[in-house]
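Notes to accompany the following structure.
The values are calculated or read from the model by the stated rules, or taken from the named source; none is laboratory data. None of these values were measured; they are calculated from a predicted model. So basically every Cβ, Gly included, is an ideal-geometry build from the backbone, and we count neighbours across all protein chains shown.
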Amino acid sequence: MLGDLLLWCAAAAGTICIVLVILAATSQITLILFRTGSMAPTIPAGSVAVVQRVPAEEVEVGDVVTVDRPGELPVTHRVTAVEPGAAEDERMLTLRGDANAAEDPVAYPVSSVRTVLFAVPGAAAVVVALGDPVVLAVLTIAATALVVWAFWPRTPRRAPVRTEGS
């Protein structure tokens, strides 16, 4: 009984993971881990944000976006100004972290950005742990053991032996 319940839970979790991977791949959704508190209190350090790539034309003042910077780490801040760029699909974004007193020193030329859909405070430690080879090995062994246990041949239970006169 417990084995069936665990197997169903594992199957449901696996199905959910497959659906999420397909949605993420087709919708250009990724995760961003926050190391600094420049977006606090909205997105504190140690948070994980779910972000989606969108064209720069869709960005508006007030959006929280992640901008890729060549040769540097990406920056995730709130948009304070949007100006036309050199190309038709390019925009110049002025950004500022919610915890920062001033805007970023330069405007960022972008043709696409990743907008923050939502953030989960404190989840970065879990995501980092799931990338640890030891944790992955333990999870793999546990999942394998559950599948083997669920499909292991069982001896049929014997019916009670009836004696004469009972």
Of the residues ALA99, ALA86, ALA25, ALA11, which single one is surrounded by 15 or more Cβ atoms within 10 Å (Cβ to Cβ) and either small (Gly, Ala, Ser) or at pLDDT below 95 (or both)? ALA99
So which of LEU117, LEU130 is under 23 Å from LEU33 (Cα atoms), at pLDDT below 95 and not charged (D, E, K, R)? LEU130
Please verify whether THR30 is modelled with pLDDT of 95 or more, in contact with a strand residue (DSSP E or B) (Cβ under 8 Å, 6 or more places away or on another chain), assigned to a strand (DSSP E or B) and at negative phi, treating the condition exactly as stated. no
Any residue in region 138-145 that is surrounded by 11 or more Cβ atoms within 10 Å (Cβ to Cβ) and closer than 19 Å to VAL48 by Cα? no
(1) hydroxyl-bearing (Ser, Thr, Tyr); (2) under 11 Å from VAL113 (Cα atoms); (3) modelled with pLDDT under 95: which one isn't true of THR66, the others all being true? (3)
Scanning region 69-106 for residues that are in contact (Cβ under 8 Å) with a residue 40 or more places away in the chain and part of a loop (DSSP other than H, G, I, E, B) gives PRO74, GLY97, ASP98, ALA99, ASN100
Of these, ALA12, ALA56, which one is touching an Asp or Glu at 6+ places or on another chain (Cβ under 8 Å) and either aliphatic (A, V, I, L, M) or more than 30 Å from PHE151 (Cβ to Cβ) (or both)? ALA56
Suppose we filter GLY37, GLY46 for residues that are in contact (Cβ under 8 Å) with a residue 40 or more places away in the chain and either touching a helix residue (DSSP H, G or I) at 6+ places or on another chain (Cβ under 6 Å) or in a helix (DSSP H, G or I) (or both); which single one remains? GLY46
Search result, residues across region 80-112 that are β-branched (Val, Ile, Thr) and under 12 Å from MET39 (Cα atoms): none
